[in-house]
1. Would you please put 44-56, 172-184 in order of how densely packed they are, using the mean number of other Cβ atoms within 10 angstrom per residue and starting with the highest?
2. Just to confirm my numbers, what's the Cα centroid distance between region 240-267 and region 85-148 in Å?
3. In a shell of Cβ-Cβ distance under 14 Å around S238, excluding S238 itself, what net charge do Lys and Arg (+1) and Asp and Glu (-1) give?
4. Let me check against my output: what whole-number percent is the relative contact order of region 140-268, with C-alpha pairs under 8 Å and at least 6 apart?
5. If one puts a single equal scatterer on every Cα of region 140-200 and applies the Debye formula without solvent, what log₁₀ I(q)/I(0) results at q = 0.25, 0.28 Å⁻¹?
6. Could you work out the relative contact order of the chain? I mean the mean sequence separation of Cα pairs under 8 Å and 6+ apart, divided by the number of residues, in percent.
7. Which whole-Hz couplings ³J(HN,Hα) result when phi for each residue of region 71-85 is put into the Karplus expression 6.51 cos²θ - 1.76 cosθ + 1.60, θ = phi - 60°, listed in order with x for Gly and Pro?
8. Are there chymotrypsin sites (Phe, Trp or Tyr not before Pro) in region 85-174 that DSSP puts in a loop and that have at most 11 other Cβ atoms within 10 Å, and which ones?
Amino acid sequence: MSLKKRVFSAAVFFIVFLLGLVNQWTFLLVFSLFMLVQLHEFLGFARLRGYQPLPSALYLLGLLIFVELFFIAQNAMSYNFLLLVIAGVFLAFIVELFRASPTPMENLAFLLLGLFYIAVPFSFLNFLVFEGKLGYVFDIKLILVFFVLIWATDIGAYFAGKFFGKHSLFKRISPNKTIEGFVGGALSNLIVALLIAYFFEFFSFKDALAFWLIIIICGTIGDLIESMFKRQVGIKDSGKIMPGHGGLLDRFDSTLVAVPFIILYLYW
């Protein structure tokens with residue numbers, strides 16, 4: 001894969017990402033599509049293992065979760081509406097009952113895992129753009145800080161691992177990840193977080209340290225979890241939507257584990 005193609009696909013992703021932050025409706029459209037693509041890639045894992053989860057159920061329930069949390073996060077809908085998701089899950093159980101599939105338990109397990117591994121945590125991004133302390137109005141400052149720190153960690157880890165990496169971080173799951181890369185990512189994240197806190201009043205030094213700690217720990221775990229899944233099904237990338245970079249699940253694996261703890265910090 002040529003460097004030009006890698007740069008081009010990254011640039012396209014970044015443009016679409018920014019379009020998703022123009023206003024609350026483009027956010028709803030773009031980020032719900034991001035989530036649906038990740039669910040589609042995750043279904044590919046199931047098919048490689050010979051399982052047949054219901055794709056329509058996973059897409060519809062995932063979209064329902066995202067849309068409901070979109071309105072709940074801006075204080076425009078009650079949490080009671082999440083009961084619709086529970087009803088939808090049990091409806092999927094009933095449908096599975098009549099499918100006569102040879103792997104009903106695995107099918108439903110993949111459905112539930114897809115919802116709780118991808119749809120629920122990714123939908124928590126709604127609480128970053130409608131953060132209560134900022135008045136439940138659409139505001140992109142915190143989500144930009146979050147992703148800038150995610151990317152700073154990835155960039156620092158890549159270059160530190162490339163030039164200094166010698167000691168494996170978790171060889172059984174991801175042989176290419178090194179302790180030196182982890183340290184490089186942690187340092188680059190910390191530097192960027194402190195700079196943001198220094199120049200912008202909305203982001204305190206306490207916030208900087210909390211975001212830094214959560215992202216380097218939970219983000220790394222998220223990366224390793226996806227690597228574990230891919231290793232089990234025998235693939236290198238979750239998809240091919242970003243030539244040279246893999247799938248969207250590869251791009252958001254750190255986010256899926258980090259963002260729930262970021263929200264827990266902000267709302268506790």
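What follows draws every value from the coordinates through simple rules; no lab data is involved. Since the structure is predicted, the reported quantities are computational estimates derived from the model, not experimental observations. In this analysis, Cβ positions are derived from the backbone assuming ideal geometry, glycine residues included, and neighbour counts consider all displayed protein chains.
1. Details: 44-56: 16.0, 172-184: 18.1.
So the peptides 44-56, 172-184, ranked by packing, come out 172-184, 44-56.
2. Cα centroid to Cα centroid, the span is 13 Å.
3. Working: positive: R47, K230, R231, K236, K240, R251; negative: E41, D223, E226, D237, D250, D253.
It works out to a net charge of 0.
4. Working: 167 pairs, mean separation 26.3, N = 129.
Answer for region 140-268 is 20 percent.
5. The calculated log intensity ratios at q = 0.25, 0.28 Å⁻¹ are -0.90, -1.02.
6. Numbers: 344 pairs, mean separation 53.8, N = 268.
Across the chain, relative contact order equals 20 percent.
7. Calculated HN-Hα couplings, in order: 7, 5, 5, 9, 6, 10, 8, 7, 5, 4, 5, 5, 4, 5, 5 Hz.
8. On the way: sites: F90, F93, F98, F110, F116, Y117, F122, F124, F127, F130, Y136, F138, F146, F147, W151, Y158, F159, F163, F164, F170; in loops: F98, F124, F130, Y136, F138.
Answer in residue order: F98.
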